[in-house]
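Shown next, in C-alpha cells, is the structure this report addresses.
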Amino acid sequence: MTTPRQIEFKEIDLDNVAAMTGRIVVFVGLEGQLDQCARRVNRLCKGALKRFVESEAYGDMKVGQGADLAYPAGMACDAVQVIKLKRRPKADEARMAGAAIAKSAGAAELHILAGTLGQAGEVSLGLALRGYDFDIHKSKESKPMAIATFMVTSPEEVAALAGPMAAVAEGVFFTRDLVNEPANILTTDDFAARLAAMQELGLEVEILEESDLEKLGMGALLSVGQGSRSPSKVVVMQWKGGQKGEAPLALVGKGVVFDTGGISLKPAAGMEDMTMDMGGAGVVAGVMRTLAMRKSKANVVGLVGLVENMPDGQATRPGDVVRSMKGDTIEVINTDAEGRLVLADVLWYAQERFKPSGMINLATLTGAVIIGLGHDNAGVFSNDNALCNAFMKAAKTEGEGAWRLPLDDAYDKLIESRIADMKNTGGRAAGSITAAKFLQRFVPDEMPWVHLDIAGTALLKTESILAPKGATGWGVMALDRLIRDMQES
C-alpha cells in the first residue's frame, strides 16, 4: 500500500522558525491580516511577506490557494508558502489549502505554522490526500516523503480531531492503490488476499470460491468469469462495531479486475483503462478499512464480486441465457454489460444472508453515465428517498459530486427479453437507467437501496483538487460520512 506522508502536531515554537529547513507554511487572512506566526515570519524575512500580501498578486489569489516566497533572506528554509485562508474556514476550503501545500511541497520537509487556525485537521486531510503518489512500479526509486509538522496552540486537541481523518485517508489510499494496480498484478486471487489481510484490523473476512458460488447458484456472476484463468470469487467483509444483533448496512461492489468486453470485445483504444473496472469493489474495501481503523460504532458488511471478463473458448456468448441466484433467467445480449450480472447475484446474496437495514452498491457500470454527467458527478439511483437523501447530504458534505437520476417503471420495457425473464442491456437509449433497472430486479421492494454508477468519477485523466491523475477514491469519504450520520450520531 502507498505510504502516506507522516503528519505530526506539535506545540508552536516561534523561537526556532529562523532555523527551520525545508518549507515553511503560513496562513494569511483574506484582507491580508497577519497572525502571530505570519508576523514572526515577516520580521525574519525583512518585511517581504507583508510586501507580498499588499501586492496585486495576493489580491488575485483565491481562497485556499498558495504562493511561494523562495529563499527568504534571514531564514534557513528554501521557501515560505503563503496560503490565503480565513481564520475559520469551511472544511472544503481547509482541505483545498492542504492540497495546495502538498502540491507545491513534493517530498520536502514541511513546517506548517497553523497557530490557532480553525480546521487544522481538515488542512492535514487535504495535505495527505493530495500528497498521494502511485509510483511503486517505477524503476527509479522515489524520494521518501519528509515529515509534515503542524505547529498549533493545542496539538493534542487537533491530533484527536485529525485521527479519524487519518483513517479516512488510509481508506482512500487503499482504494486508489487497488484501482491504479495493473491487472497482471491485481488478479482476483491477489485482490482477495489483500482483503483477507485486513483481518489484522479486526474485520471478519470470508472468501467464497467458485465451488461455493456454484452451490449458491450464482450463475450470472460465474458466467462473466468463465472465459478467464483467474477464478471468480466473492469476498465478504464484516465490521461489527455497533450493537449486537443490529442489522448491518450492506455495501456491495463490482470487482471486474479487467474487462475486455468478453466476446463483445471492446475497441483497442483506451482498453488499458479497464484495469479500473473493479473500482466499486475498491471503494467498498476502502470504506471497510476506514471503519476498522477508526473503530467505528456501526455494523457494516462489505461484499465484492471479483471476476475477470475475458474472451476464450469457454466464454459466455451473446445470446446465451444464464440463471441468477434469485432464479431469474437473463438473456446475455452483450457480454460487455457484465458488471450488472456480477452485482445481481451479490445483491441477492447480501439481502438473503444478512437481512441488512439497507444496501448501497457501487460500480463503474456504464459509459452512458459519463456522457450524461461527465467526470464531476456519479450517477445516483434509488428506491428509497430517505436513504438516498442521506447519501446525497453526506456526499455534499464531503465534496464528492453526485446527481440523482430517474428510476421510473417505464424503463423496464427496454430490458424485456423474448426468450428469458430479462435481457442484460436495453441498448444505447437511457443506458445508465436501464442498467439500474436491471439491478433493481434483484432488490426486494421493501429493501432501501442506492445504486452508485461511478464510471466517470473513479479514475480521471487529469488531476483534481485532492488527487493526482489516476484513481480518486471517490465514495470512501461520502460513505464513511453516511455511516457516521446514520449509525453513529
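Any read-out appearing in this document is the output of simple, stated calculations on the displayed coordinates, not a laboratory observation. Predicted model, so just to flag it, every value in this text is computed and none were measured. Cβ coordinates were reconstructed from backbone atoms using ideal geometry, including for glycine residues, and neighbour counts include every protein chain displayed.
Quick notes on this structure:
- Tilt relative to the chain, helix 279-293 - C-alpha long axis, 0 to 90 degrees, to 10: 60 degrees
- Whole-angstrom Cα spans of the stretch 7-163 along principal axes, big to small: 45, 32, 32
- Along the stretch 421-432 the Karplus relation, 6.51 cos²θ - 1.76 cosθ + 1.60 evaluated at θ = phi - 60°, assigns HN-Hα couplings of 5, 6, 10, 8, 8, x, x, 6, 5, 6, x, 5 Hz to successive residues, with x for each Gly and Pro.
- The residues S154, S489, S264, when put in order of fewest to most other Cβ atoms within 10 Å, stand as S489, S154, S264.
- Sequence of V158, V224 once ranked by neighbouring C-beta atoms within 10 Å, starting from the fewest: V158, V224
- Antiparallel bridge percentage (DSSP; both residues within the chain; nearest 5): 40 percent
- More than 29 Å apart - percent of Cα-Cα pairs taken over the chain: 51 percent
- Residues D409, D189 in ascending order of nearby Cβ atoms (within 10 Å, fewest first): D409, D189.
- 0 to 90° range, to nearest 10: angle between helix 155-180 axis and the chain longest Cα axis: 40 degrees
- Loop-located trypsin sites (Lys or Arg not before Pro) in the stretch 73-160 (DSSP state other than H, G, I, E, B) with a sparse environment of at most 10 neighbouring Cβ atoms within 10 Å: K138, K140.
- Applying 1/(1 + (r/R0)^6) with r as the Cβ-Cβ distance of E209 and S55 and R0 = 51 angstrom yields a FRET efficiency of 0.20.
- Across the stretch 323-333, coupling constants 3J(HN,Hα) worked out from phi with the 6.51/-1.76/1.60 Karplus curve, θ = phi - 60°, read 10, 7, 4, 4, x, 6, 9, 10, 7, 7, 7 Hz, and Gly and Pro carry x.
- Helix content alone sets the calculated 222 nm mean residue ellipticity of the chain: runs of n ≥ 4 DSSP H residues at -39500 (n - 2.57) each, divided across all residues, give -10000 deg cm²/dmol.
- Normalised by the number of residues in the chain, the mean separation of alpha-carbon contacts (under 8 Å, six or more apart) gives a relative contact order of 15 percent.
- Label-zone membership for the stretch 82-121, site S154, 7 angstrom Cα→C-beta point, backbone N under 20 Å: 86-92, 94-95, 112-121
- Within the stretch 7-163, DSSP assigns beta bridges of which about 25% are antiparallel (rounded to the nearest 5).
- If the segment from Y71 to D273 were pulled out straight at 0.36 nm per residue, it would be longer than the present Cα-Cα gap by 68.5 nm.
- A430 long-range amide H proximity, modeled H, under 5 Å: none
- Mean separation of Cα contacts under 8 Å, 6 or more apart, over the residue count of the stretch 7-163: relative contact order %: 31 percent
- Cβ-Cβ distance of T397 and A108, R₀ of 35 Å, FRET efficiency by 1/(1 + (r/R0)^6): the value works out to about 0.65.
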